[in-house]
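Structure record follows, encoded as structure tokens.
The values are calculated or read from the model by the stated rules, or taken from the named source; none is laboratory data. Quick caveat, the model's predicted, so the values are computed rather than measured. Positions of Cβ are backbone-derived with ideal geometry, glycine not excepted, and every protein chain shown enters the neighbour counts. Heavy atoms of the whole protein, side chains included, go into the accessibility calculation; ligands, DNA and RNA do not. Shrake-Rupley method; radii C 1.70, N 1.55, O 1.52, S 1.80 Å.
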Amino acid sequence: MPVFSDATLAFGKLIITFICILVMLRLHVALWKTIVAGGIVIALLTGLPLAQWPALPLQTLASSGLIIMEVMLFGILLLSGIQEATGQSRRLVDGLERYLHWPRIRLIVFPALVGLLPMPGGALFSCPMLDAAAHGLNISPQRKTLINYWFRHIWELAWPLYPGYILVSSLLGLPLLALLKYTAPLVLFSFLTGWFFYMRDIDVTTPKAAQPAEAAEKRAGLGHLLYESLPLIITIGGAAVFGFIFEISGLQLPSQASFMASLTLAIIVAAWQGRGKFKKSFRQIALSKSSLNLLLLVYTIYLFKDVIGASGIVGDMSHISGNRLLICSLFVLLPLVCGMLTGIMVGYVGACFPILIGILAETGMQAETLPLIVLAVISGNVGQLITPLHVCIVVSCQYYKVRFMELWRSLLPALAVQMCYGALWAFFLYAVGAHF
């Protein structure tokens, strides 16, 4: 009889892998190299056959998920670059100041607004807008990164446009609106947590010298504000419009097609609005070194996830047996680890939720399905927010030139609080007998 179970060994291998990743980050090794090294460690520890190693990078490169992700990110980078090079981001924020008189609200409105869009790496879209909103305020790049990252993701726990949330609803056989009423309070808790840790101590006193002098754009009123925000409106609203058009046309397109169409239109509009105002050539914006490095980094993240899938380590982690407490602990540990491994909600939901739902059926614990799944959702969310494999944290750190390890220490307390109130909320649902 083996001393250690498959589940114990699998968790041990993952701990070793993440220790290696954190050590390399601490030594300031480039993030893409660190992620590749983490994949090699996993492959070695799980005994992934060497014959499969050469095929995996090519398999990842050809995957539709990666191609769509890279195209979307390139589009976001291009749109952000155009708006920054033409000064549109600055003009948009100047116009917004006329209607939002509270600096703290201005800081979070763009990350929160963009967070309504289910696009991987969407934090990059709001980076220049938040940067413009913070003009004249004494806010460090690290704090800007935290604000952008945190408030970008407050909706993910209960926003029915996110593919991962839709997948949870589908796996449970529960309508989205029915699931929403049990997870919606988590959005409020998340907002309050972010406000407490990252907003309440910000000095919003702006020196007079830092304020825009006689901003003509600011006096131009609502019409000018709507004009400057047109690319943002097209990106958000256009996705719904294109989605409706594609649906009634009967076109079988990827779920991201509507967003890609609206983003393309927004790029065209932004370029037209900024004609004659470009401070860089279009080629410099589209093929900047930072953009190409980011696309390479995203490829390594997807490669790492493919290595995880090929290793079978997630399946090994599900082989746990024992009393109800041990089974319940699996609803914390498995989503947490899968969230750390995938860095995206649809990743951890797809990887472990079918396993968790199957365990409930095998153990006769179907009556506790709802509170345990809510616990799994919040745990997976904590996992994906804390990992260096999350694309949004990568792009935010790249934009503001902040090292991940510096950010990580500031994220841990807030995420620990989020895990605690998530567990308390799940226990409350269990105590009141919430079910479907």
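In table form, for the structure just shown:
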item	result
Which listed residue, of TYR399, TYR421, is part of a helix (DSSP H, G or I), under 19 Å from LEU336 (Cβ atoms) and in contact with a helix residue (DSSP H, G or I) (Cβ under 6 Å, 6 or more places away or on another chain)	TYR421
Residue ID - nearest to the chain's Cα centre (by Cα), chosen from residues in the range 218-269 that are among the aromatic types (Phe, Trp, Tyr) and closer than 23 Å to SER63 by Cβ	PHE259
Residue in the range 394-402 that is surrounded by fewer than 16 Cβ atoms within 10 Å (Cβ to Cβ) and β-branched (Val, Ile, Thr) present	no
Single match in LEU263, LEU295 (criterion: open to solvent by 30 Å² or more (accessible area, probe 1.4 Å) and within 20 Å of PHE125 (Cβ to Cβ))	LEU295
Any hit, the range 80-89, residues being at pLDDT 75 or above and more than 19 Å from LEU263 (Cβ to Cβ)	yes
Where a residue in the range 171-197 is more than 19 Å from PHE353 (Cα to Cα) and free of Cβ contacts under 8 Å to residues at least 40 places away in the same chain and its partner, wherever it lies, is hydrophobic (A, V, I, L, M, F, W, C) and open to solvent by 60 Å² or more (accessible area, probe 1.4 Å), with Cβ under 7 Å and at least six apart	VAL187/TRP155
Long-range neighbours under 8 Å by Cβ, at least six apart or interchain, first residue within 18 Å of LEU230 (Cβ to Cβ) within the range 253-268, second polar (S, T, N, Q) and part of a helix (DSSP H, G or I)	PHE259/THR235; SER262/THR235; LEU263/THR235; ALA266/THR235
Selection from the range 403-434 of residues that are under 17 Å from PRO185 (Cβ atoms) and open to solvent by 50 Å² or more (accessible area, probe 1.4 Å)	VAL417, CYS420, LEU424, PHE427, PHE428, TYR430, ALA431, VAL432
Given (1) assigned to a helix (DSSP H, G or I); (2) closer than 19 Å to LEU341 by Cβ; (3) touching a helix residue (DSSP H, G or I) at 6+ places or on another chain (Cβ under 6 Å); (4) among the hydrophobic types (A, V, I, L, M, F, W, C), index of the condition TRP408 fails	(3)
Some residue of the range 93-108 being open to solvent by less than 20 Å² (accessible area, probe 1.4 Å) and at pLDDT 80 or above	yes
Residues of the range 24-82 that turn out to be of a type in the set (Gly, Ala, Ser) and surrounded by 19 or more Cβ atoms within 10 Å (Cβ to Cβ), as a count	6
Members of the range 161-195 found to be open to solvent by 40 Å² or more (accessible area, probe 1.4 Å), within 24 Å of GLY65 (Cβ to Cβ) and under 18 Å from the mean Cα position of the chain (by Cα), listed by number	LEU161, PRO163, ILE166, LEU167
Restricting the range 1-15 to residues that are more than 16 Å from LEU389 (Cα to Cα) and surrounded by fewer than 17 Cβ atoms within 10 Å (Cβ to Cβ), the residue that is modelled with the lowest pLDDT	MET1
Residue within the range 254-276 that is modelled with pLDDT under 80 and among the basic types (Lys, Arg) present	no
Wholly within the range 2-93, helices (runs of 4 or more DSSP H) carrying at least 3 residues that are under 30 Å from GLY274 (Cβ atoms)	64-85
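So that you can scan it fast, the table gives a plain yes or no per residue for (1) modelled with pLDDT of 85 or more; (2) more than 17 Å from the chain's Cα centre (by Cα); (3) within 30 Å of PRO354 (Cβ to Cβ); (4) aromatic (Phe, Trp, Tyr):
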| position | (1), (2), (3), (4) |
| --- | --- |
| ALA133 | no, yes, no, no |
| SER140 | yes, yes, no, no |
| PHE151 | yes, no, no, yes |
| ILE154 | yes, no, yes, no |
| THR206 | no, yes, no, no |
